[in-house]
Amino acid sequence: MSSVTQIRNLSNRRVTLPTDRSGSPQSSQSLDLKQPIDLDVGFDQYVFSCVLLHVLEEIAADVATATEATGLSRAELQDILEHCVPATVMQAFGLENVREAEPGVEEELLRDLLLAHARQGDPTSAYFAKIIARRALRHDHLW
């Protein structure tokens, strides 16, 4: 199976997004992710979109907040969201209600190693280093 086919298969998903994070019964909306991939979208943006899809699944399952799932700060997530998702979906990430992600010692060591090999001056490379460091140490290893 080619890489393009594998990437296309990743988009064949449907996610239910929580719209109420106040603790009262949640009403939900569905996001259909079976749309074809826009090949004009940059690879980094597409990978961020895949990561954000998994983050939404964890938020909906009440497994993690957006910062816990990615290891990124609210400001870093906000920057990514502004470039990768429609404004109507941004509220599902609940950034106004989350704390900053606190990395453990092992995560900091791995993050530092990855950042040492990241493209200098490129925030996208630094974001990926932080996401990979966080996810590599979770029980479900990089999804």
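The values are calculated or read from the model by the stated rules, or taken from the named source; none is laboratory data. Note that the structure is a prediction, hence the values are computed from the model and not measured. With ideal geometry, Cβ positions are generated from the backbone for all residues, glycine too; neighbour counts draw on all protein chains shown. Accessible surface is based on the protein model in full, side chains and every heavy atom, while ligands, DNA and RNA are left aside. Shrake-Rupley method; radii C 1.70, N 1.55, O 1.52, S 1.80 Å.
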Subset of the stretch 60-95 that is farther than 12 Å from ARG134 by Cβ, among the β-branched types (Val, Ile, Thr) and in a helix (DSSP H, G or I) - its residue that is nearest to the chain's Cα centre (by Cα): ILE80
Residues being buried (at least 22 other Cβ atoms within 10 Å of the Cβ) and small (Gly, Ala, Ser) - total across the stretch 45-79: 3
Test: residue in the stretch 126-133 that is out of contact with any Gly (no Cβ under 8 Å at 6 or more places or on another chain), of a type outside the set (Phe, Trp, Tyr), over 19 Å from VAL51 (Cα atoms) and at pLDDT 85 or above: no
Of all residues in the stretch 111-142 being open to solvent by less than 50 Å² (accessible area, probe 1.4 Å) and among the aliphatic types (A, V, I, L, M), the one that is nearest to the chain's Cα centre (by Cα): ILE131
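Which ones in the stretch 53-74 are among the hydrophobic types (A, V, I, L, M, F, W, C) and touching a residue at least 40 places away in the same chain (Cβ under 8 Å)? Talk me through it step by step, then tell me what you get.
First, the residues of the stretch 53-74 that are among the hydrophobic types (A, V, I, L, M, F, W, C): 53, 55-56, 59-61, 63-64, 66, 69, 72.
Of everything in the stretch 53-74, those that are among the hydrophobic types (A, V, I, L, M, F, W, C) and touching a residue at least 40 places away in the same chain (Cβ under 8 Å) turn out to be LEU53, LEU56, ILE59, ALA60, ALA69, LEU72.
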